[in-house]
Structure formats: structure tokens, C-alpha cells
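Asker: Below you will find the structure I want to go over with you.
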Amino acid sequence: MENKWWQKRVFYQIYPRSFSDSNGDGIGDINGIISKLDYLKWLGIGAIWLCPVYDSPNEDMGYDIRNYETIMQEFGTMDDFKNLLSELHKRDIKLVMDLVVNHTSDEHKWFVEARKDPSSKYRNYYIWRKGKDGKEPNNWSSFFTPSAWTYDKESDEWYLHLFAEKQPDLNWENADMRNEIYRMINHWFDLGVDGFRMDVISLIAKAPGLPNAKGDGYNMAPEHFAFQPKLHDYLREMRKECFDGRDCMCVGETTFVNTENANTVVGDGRELDLLFQFDLMDIDGENTKWNLKPFDLKEFKRIIDKWQKAIKWNTLFWSNHDQPRVVSRFGSTETYDSWKTSAKMLAVAMYLLKGTPFIYQGEEIGMTNYPFVDETQLRDIESINLLSQSSDRRDWAWKGILAKGRDNARTPIQWDDSINAGFSLGNPWIEVNPNYKNINVKSQINDDDSILNFYRELISIRNNNDVLINGDYRQIMFDDDRLFAYERFLDNRKITIYCNFSKDEIVLDVASDVEKIIGIACKNKNGYYALSPYGTLVIKN
Ligand code: TEU
Ligand code: CA
């Protein structure tokens, strides 16, 4: 089987602001990334997803773009960027950029013109409507604010924003706007980038007439802005104008995707190559992510099974810059041992599945959630807005933020045990996790038993094993509520993976003389393999 490059490589997601600061201003930057490329190569990484590095006022940390073709000053210059690209390619590492085209910043020159002059051609690049009876044009809520509309007094019209007020949605019905976006994408391709991760791409088309959502008050209206018929026209057009004929990859952040509509975007290869689905990320929330509910392994197993069967090629990830730290969330940080063992087990559970792994920065050393104590420590607009909108239930909101707040995964990478964890000599833009003296790259790199060295080994096993790349998937022991187990098989070769998600010791029905590829917290008990709490075993059989 002929693989595409993005099927054979392990991705690593970089959140530049928190990766490495080269000049002591407390903000991670491009030169900081360049200084760590040998580390990523050593780890076995084959491609990077780089979160936005474009000019932005940072209302939503770069997801509000002011200029698509310049680099954020705090991150460096265009020359620094070109240098990064060439240093990556020198090491045979691909670069996938973030593409945020559902909305821009309200400081983007298109929106500035649009707001200033309703007769300008840019007015129609965005979505403006008259109000209804002095109120919003419809009852949609946004991800960050109660209403998805903001009133403009000058013109007596409202503009739509599915995210923050400072993130006005682009009007994809406008062909001029679309062409400007395509030109911009091609410009980055011509510089040499290898692909794009498309932010909330499933939301770019809105239902004609912008109908009300069901229910009273403000409501999320995915039925009117996610996976609309026009989405497919836009994606096909974009593919034709920008992606066709290039050896590139586009992965969509397909908010509100499900196993029924997934293949409408990745099915025939004419829209997206890959997609991110969030069923797993929703597993510990009831209706909203902030209503916490306990992790249910059986539900996890159903979700994995459903997605492994639904589409040809999955993305495999535990976390990203919008999610808490995986070991705090789904593993155990109760003791040193459970932290270390569960972090390794989770990696095996996810990254030996069929698909392309995306490791989020810091995950490879088992970084944990941040013990926030007060709101001045928060930087993320989502958490800050949640608090200000929840004055009647502050404790509930705070509990939610501790468990799920996006800042948990945005604290600086812990490189060593020196000041600010070696991230910066200045004052970091967000606090460094106080556990950096115990959890850092330097202490793990020379420790054979570390999470970091385990990630390296796992990546290398995966990179070099055809069964793990192309083999079919089959889940086994489906009804077991402590073990997650699956097989990968190709021709007459088979690999079986056992992961103990529980605190119990589990004796497996596998004789201890079977060849093992990986064994963590796994011993021989009366001739059988036995998994200690959070242990994992991978065998060749
Ligand atoms: O996230 C899209 C998205 O749906 C998030 O709002 C998600 O629901 C939330 O983070 C879960 O808590 C993307 C980016 O990844 C995110 O960082 C941006 O804030 C958002 O788009 C707007 O661009
Ligand atoms: Ca800096």
C-alpha cells in the first residue's frame, strides 16, 4: 500500500507562545522553536502543526488574525519564519500551518473598512443584518458570548461573530473574499509550507436567511451553521484553487462532525484529507464541557470503535491547546508511579490505533493541569468570559475551569529545572507550572524509564512498523470495563494491545512466553502476563 506522507509521520502540535522564548520578553517565539528542532527530531517527529503565528491583537491568542500575511511581531519576522521552514525541511520535518478563515480580527483591514464605510466593497466580506424589534437579527449564541451579534451604532446594523466580539465571521458567499483567501493560501504554499489545519472549517457556511435556533433565549445553532450544503462547494473550490497538484495535507477542525456526516468531507478526497472529531473530548461533560461528569471507559471504547470503523483514516489525539492535560484528565496524578505509568499507557492506547498521531507539546513529558488559585492567573478569553457570565454560580465555573480550562495546556513547556523552567529568562506571559522542578525535559532525557523516552520509543516503533501504520483495527474484550484492548493486523501478522485503565491488577489470558513489544507495569504471574494499575502490554502474535 502506497502511503501519503501524512499517514506515515507523527505530528507534534506547537503552541508558539508557550514553547520557547529566545529573547527574554516572556513570550515564546520562532527563534525559540528553531532552537528546539533537534529535540523534536530526536523524538522522532515527522511533521509540525504550528498554531497561528500571524499578526494578531491576541483577543483569542492568535485565532483573531489582523493580517494573514505577516508574522506576529512578538514571534519574530518573516525572515525568522523562512528560516524555521528551511531548518525544518533540512531535518525532513513537514510544516502544517493553522488557517483561520471562519473569521478575522475586527482589526483586520477588511473589517476596519467594512465598519467605517457601509458602502465599501469590504462590507459584504462580513455578515451584517438589520436588527429585529431593536434586538439581534436572530437568537444565536456564540462560543464565547451570550449573543453571536454585536451592534454597530453608526450604521444601525449588527455583525455576526460565532466567537468573540473581536472575531467577526467572514461571509463565504462573497466570491471576492473567497478569492482573496485562496490567494493568501497559495502565497503560503509558494513559500514552501506543507499543509494547513483549518480552524472551525465546518462552520464557514451559514444557512440562507440565518434562521432562529430552537428555544427561548440565546442558543447554539449548529443546525444552521455547521455542515451546511454550501460548505462542500467552498471546500471543493478551495481544494481546486489551492491544494490540487501539491503534495500537501489539509486537516479540518470539523466542529460538530459526527460519524454520519464525516465522509461528506473526507470520503472522496475532494475536500479534506483528515479531520479532527471531538466525541472523546466531550466524554466528560454533560451538555456543556463545564458540567463535569466522570470518565466512562465503556463509552471511550464505543467512541474509538465507532470512529475507527466510520472513516478510512483518523487523527489520533488526546489533547490540544483547547483541552486540559491528558494525564490529569484521563490518567492518574495521585502518585508519582500512577502519573508515570498512566501517561505511558494513555499514549499506547491512542497512538497505536489506525490513523495519524498528533502529540500536543508537553504531553511527551507528562505535563499536568495548572493549580490555578485565582482569576488573575487566567489568560484565556473562554475562561474569563465564563467567570464573568457565571456570577450566580461561581464555584461551578471555577471547578470547570480547573478541570477543563484551556489555560491548563497553555502554560510554558518545562525544559529544565532552572528559572521559569528554562522557558524564558523574562517574565512569562502565563505562569509556569510549579511542578517544573520534577517534571521537565532535561531530567527525563537521560532517564531511560521516563515518559519522554517512552514516547520516543513508541514513536520509533510506530514509524517502523507496517502493521501499526496500515494494519486493520479490531477491538477485543469489548465488555471489559477495566481494560481497553485491540488488535492491528496485516496479511498474517498481528499485534495486540492491552491497556489497563483501572487501579486493579489484571491477569491477562496471554502466556508470558509470547513475544512482547512493549510492557509497562507488566509482570509474569504464574506463566501469564499480569498488568499492574495502569499497565500496558503490546505483543506480537
Ligand atoms: O476552536 C474551535 C472550538 O470549537 C472551540 O471554541 C472549542 O469549542 C473550545 O475551545 C472548547 O473549549 C478553534 C481553536 O482551536 C480555538 O483555539 C479558537 O478559540 C476557536 O477556534 C476560534 O478561532
Ligand atoms: Ca520572545
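The values are calculated or read from the model by the stated rules, or taken from the named source; none is laboratory data. Just so you know, these numbers come straight off a predicted model, no measurement behind them. No Cβ is skipped: glycine too gets one built from the backbone with ideal geometry, and neighbour counts run over all protein chains shown.
One line per residue, one yes/no per condition, for (1) closer than 27 Å to MET367 by Cα; (2) more than 16 Å from ligand 1 (Cβ to nearest atom); (3) without any contact (Cβ under 8 Å) to a residue 12 or more places away in the chain:
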position	(1), (2), (3)
TRP6	yes, yes, no
TYR15	yes, no, no
ASP25	yes, yes, no
TYR39	yes, yes, no
GLU59	yes, no, no
TYR68	no, no, no
PHE75	yes, yes, no
LYS82	no, yes, no
HIS103	no, no, no
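Asker: Could you say which residue among ARG488, ARG474, ARG493 is modelled with pLDDT of 95 or more, surrounded by 20 or more Cβ atoms within 10 Å (Cβ to Cβ) and among the charged types (D, E, K, R)?
Answerer: ARG488
Asker: Take ASP98 and tell me if it is within 24 Å of the chain's Cα centre (by Cα), away from ligand 2 (no atom under 16 Å from the Cβ) and in a loop (DSSP other than H, G, I, E, B).
Answerer: Considered against the rule, which asks whether it is within 24 Å of the chain's Cα centre (by Cα), away from ligand 2 (no atom under 16 Å from the Cβ) and in a loop (DSSP other than H, G, I, E, B), ASP98 comes out as no.
Asker: Could you grab me the full set of residues in segment 289-313 that are under 18 Å from the mean Cα position of the chain (by Cα) and β-branched (Val, Ile, Thr)?
Answerer: Residues satisfying the conditions are ILE303, ILE304.
Matching residues to (1) surrounded by 19 or more Cβ atoms within 10 Å (Cβ to Cβ); (2) more than 25 Å from LYS230 (Cα to Cα):
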{"position": "TYR159", "(1), (2)": "yes, no"}
{"position": "GLU173", "(1), (2)": "no, no"}
{"position": "ARG178", "(1), (2)": "yes, no"}
{"position": "ILE185", "(1), (2)": "yes, no"}
{"position": "LEU191", "(1), (2)": "no, yes"}
{"position": "ASP194", "(1), (2)": "yes, yes"}
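Asker: Something else now. Residues of segment 485-527 being assigned to a strand (DSSP E or B), over 21 Å from PHE300 (Cα atoms) and touching a Ser or Thr at 6+ places or on another chain (Cβ under 6 Å), which ones?
Answerer: Answer for segment 485-527, where residues must be assigned to a strand (DSSP E or B), over 21 Å from PHE300 (Cα atoms) and touching a Ser or Thr at 6+ places or on another chain (Cβ under 6 Å): ILE520, ALA521, ASN524.
Asker: Same structure, new question: Name the residues in segment 229-269 that are among the polar types (S, T, N, Q) and out of contact with any Ser or Thr (no Cβ under 9 Å at 6 or more places or on another chain), would you?
Answerer: The answer is ASN258, THR259, ASN263, THR264.
Asker: Kindly indicate the residue of segment 261-308 that is closer than 25 Å to SER332 by Cα and among the polar types (S, T, N, Q) and also nearest to ligand 1 (Cβ to nearest atom) among those meeting that condition.
Answerer: Per the stated criteria, the residue is THR288.
Asker: Let me ask another. Report whether or not LEU88 is part of a strand (DSSP E or B) and within 19 Å of PHE19 (Cα to Cα).
Answerer: Here the answer is no, as LEU88 does not meet what is asked.
Asker: Has segment 238-252 got at least one residue that is over 19 Å from TYR63 (Cβ atoms), among the aromatic types (Phe, Trp, Tyr) and outside any loop (DSSP other than H, G, I, E, B)?
Answerer: yes
Asker: Could you give me the residue pairs with C-beta distances under 6 Å whose first residue belongs to segment 418-438 and is under 16 Å from ASP380 (Cβ atoms) and part of a loop (DSSP other than H, G, I, E, B), whose second residue is aliphatic (A, V, I, L, M) and modelled with pLDDT of 95 or more wherever it lies, and which are 6+ apart or on separate chains?
Answerer: TRP429/ILE27
Asker: So, one more: Six or more apart or on different chains, Cβ under 7 Å: which pairs go from a residue in segment 284-310 that's over 30 Å from ASP395 (Cα atoms) and at pLDDT 95 or above to one that's outside any helix (DSSP H, G or I) and of a type in the set (A, V, I, L, M, F, W, C)? Could you list them?
Answerer: Note: pairs meeting the criteria are LYS301/PHE478; LYS301/PHE484; ILE303/LEU280; ILE303/ILE283; ILE304/LEU353; GLN308/LEU353.
Asker: If you don't mind, there's one more thing I want to ask. Test of understanding: among ALA403, ALA343, which residue is under 16 Å from PHE317 (Cβ atoms) and away from ligand 2 (no atom under 16 Å from the Cβ)?
Answerer: Testing whether each residue is under 16 Å from PHE317 (Cβ atoms) and away from ligand 2 (no atom under 16 Å from the Cβ) leaves just ALA343.
Asker: Moving on. Of all residues in segment 88-113, how many are surrounded by fewer than 23 Cβ atoms within 10 Å (Cβ to Cβ) and among the aromatic types (Phe, Trp, Tyr)?
Answerer: Selection size over segment 88-113: 1.
Asker: So which residues in segment 26-75 are over 16 Å from HIS321 (Cβ atoms), within 15 Å of ligand 2 (Cβ to nearest atom) and under 19 Å from the mean Cα position of the chain (by Cα), if there are any at all?
Answerer: none
Asker: Can you work out which of the residues in segment 239-260 that are away from ligand 1 (no atom under 16 Å from the Cβ) and closer than 24 Å to ALA221 by Cβ is surrounded by the most Cβ atoms within 10 Å (Cβ to Cβ)?
Answerer: Looking at the filtered set, the residue picked out is THR259.
Asker: Sticking with this structure for a sec: Name every residue in segment 1-25 that is among the polar types (S, T, N, Q) and either more than 11 Å from ligand 2 (Cβ to nearest atom) or under 17 Å from ASN440 (Cα atoms) (or both), in order of residue number. Talk me through it step by step, then tell me what you get.
Answerer: Within segment 1-25, the first condition is being among the polar types (S, T, N, Q), and the residues that meet it are 3, 7, 13, 18, 20, 22-23.
Those that are among the polar types (S, T, N, Q) and either more than 11 Å from ligand 2 (Cβ to nearest atom) or under 17 Å from ASN440 (Cα atoms) (or both): ASN3, GLN7, GLN13, SER18, SER20.
Asker: While we're here: Return the residues of segment 114-138 that are surrounded by 15 or more Cβ atoms within 10 Å (Cβ to Cβ) and either outside any loop (DSSP other than H, G, I, E, B) or within 29 Å of the chain's Cα centre (by Cα) (or both); say none if nothing qualifies.
Answerer: Across segment 114-138, the qualifying residues are ALA114, ARG115, ARG123, ASN124, TYR125, TYR126, ILE127, TRP128.
Asker: Would you be able to tell me the number of residues in segment 316-348 that are within 16 Å of ligand 1 (Cβ to nearest atom) and assigned to a helix (DSSP H, G or I)?
Answerer: 3
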